[in-house]
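The values are calculated or read from the model by the stated rules, or taken from the named source; none is laboratory data. Fair warning: this is a prediction, and the values are worked out from it, not measured in the lab. Note that each Cβ is placed from the backbone with ideal geometry, even for glycine, and that neighbours are counted across all protein chains shown.
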């Protein structure tokens, strides 16, 4: 009988752990690189204005998990790359993500990110957007320094898809009839593409074959899909303090995510009608939000959504295992993957 990915992890663990290790434990093998990255992130961006420097220092003061650069650094270990562009490309991964968050917070009018006030809430929308542009442009300059056309093309395509994914989401704000196909396109644009590019970048720098770089991209892309699915699940199941942002924020912003899609598709005709009315309204009362929560619980939508996230996790790990033989470096990547996706348990 086939073991699921959690059982495979536990069976193969030399330490016999009962649960996946924490994210911070998983980052242990690259801790020195992450500390160096943390120190250089504010310094690589040429900001001549006081406002720009204030915002950049504010953004990079928090160490955070650095998921995208961490994925790149562990993948670099896997393919044996330790060249001069390692920290620069790690910075590219974090810069692209940071710039997208600056812009997203303006679009969503978000006041809280990772448990702290957003840049737009402190310095205003104009400054936040312009600093986002500054961060994006620095990422582009660093890409050019690598001299890898494939790396530049892949990151540029990821940025394009990220923007297009946000536009696609914007087009469907308050749309209770959004299809699952459209929803998954949004997820891939928002999260999958950049994690895929971050993983593939190490392959480009090491001169790996197209088969290897394509496999690394697929690994990161599937990991990103699972990660974003879990993020959408947590919006309905976590606490504001634990998540670092208000819960039920997606529905308040008119975003129809996987728990709501599952509930909509399983609900009775009368429930669907009421659900669609509430979603379209965009100004939900606490009573209406409670009604949505009850329906999600009634149809076990969070557990069903978790199974979908698990399927992407399995694809991510299966692809990695098929492309690379078992090694300490592959185990480190698997540990990070499972640690990142253990947030829902």
Number of the condition not met by residue 289 [criteria: (1) modelled with pLDDT under 95; (2) within 17 Å of the chain's Cα centre (by Cα)]: (2)
Which residue out of 145, 194 is buried (at least 16 other Cβ atoms within 10 Å of the Cβ) and part of a helix (DSSP H, G or I)? 194
Give me the residue from the range 315-345 that is closer than 14 Å to residue 230 by Cβ and touching a helix residue (DSSP H, G or I) at 6+ places or on another chain (Cβ under 8 Å) and, out of that set, modelled with the lowest pLDDT. 344
Kindly evaluate residue 275 against the criterion of being in contact with a helix residue (DSSP H, G or I) (Cβ under 8 Å, 6 or more places away or on another chain) and crowded, with 18+ Cβ neighbours inside 10 Å. yes
How many of the residues making up the range 41-67 are closer than 14 Å to residue 337 by Cβ and part of a helix (DSSP H, G or I)? 1
Checking residue 70 against (1) assigned to a helix (DSSP H, G or I); (2) surrounded by 19 or more Cβ atoms within 10 Å (Cβ to Cβ); (3) more than 22 Å from the chain's Cα centre (by Cα), only one condition comes out false. Which one? (3)
Does the range 131-161 hold any residues that are without any contact (Cβ under 8 Å) to a residue 24 or more places away in the chain and more than 20 Å from residue 189 (Cα to Cα), and which are they? 141, 144, 147, 149
Which listed residue is closer than 26 Å to residue 248 by Cα, at pLDDT below 95 and surrounded by fewer than 21 Cβ atoms within 10 Å (Cβ to Cβ), from 172, 109: 109
So which residues in the range 246-271 are free of Cβ contacts under 8 Å to residues at least 12 places away in the same chain and either under 20 Å from the mean Cα position of the chain (by Cα) or over 19 Å from residue 181 (Cβ atoms) (or both), if there are any at all? 268, 269, 270
How many residues are surrounded by 20 or more Cβ atoms within 10 Å (Cβ to Cβ) and either under 19 Å from the mean Cα position of the chain (by Cα) or farther than 18 Å from residue 305 by Cα (or both) if we restrict to the range 175-187? 3
Members of the range 107-128 that are within 19 Å of the chain's Cα centre (by Cα) and within 22 Å of residue 156 (Cα to Cα): 107
Can you tell me which residue among 214, 232 is under 30 Å from residue 147 (Cα atoms), part of a helix (DSSP H, G or I) and within 25 Å of the chain's Cα centre (by Cα)? 214
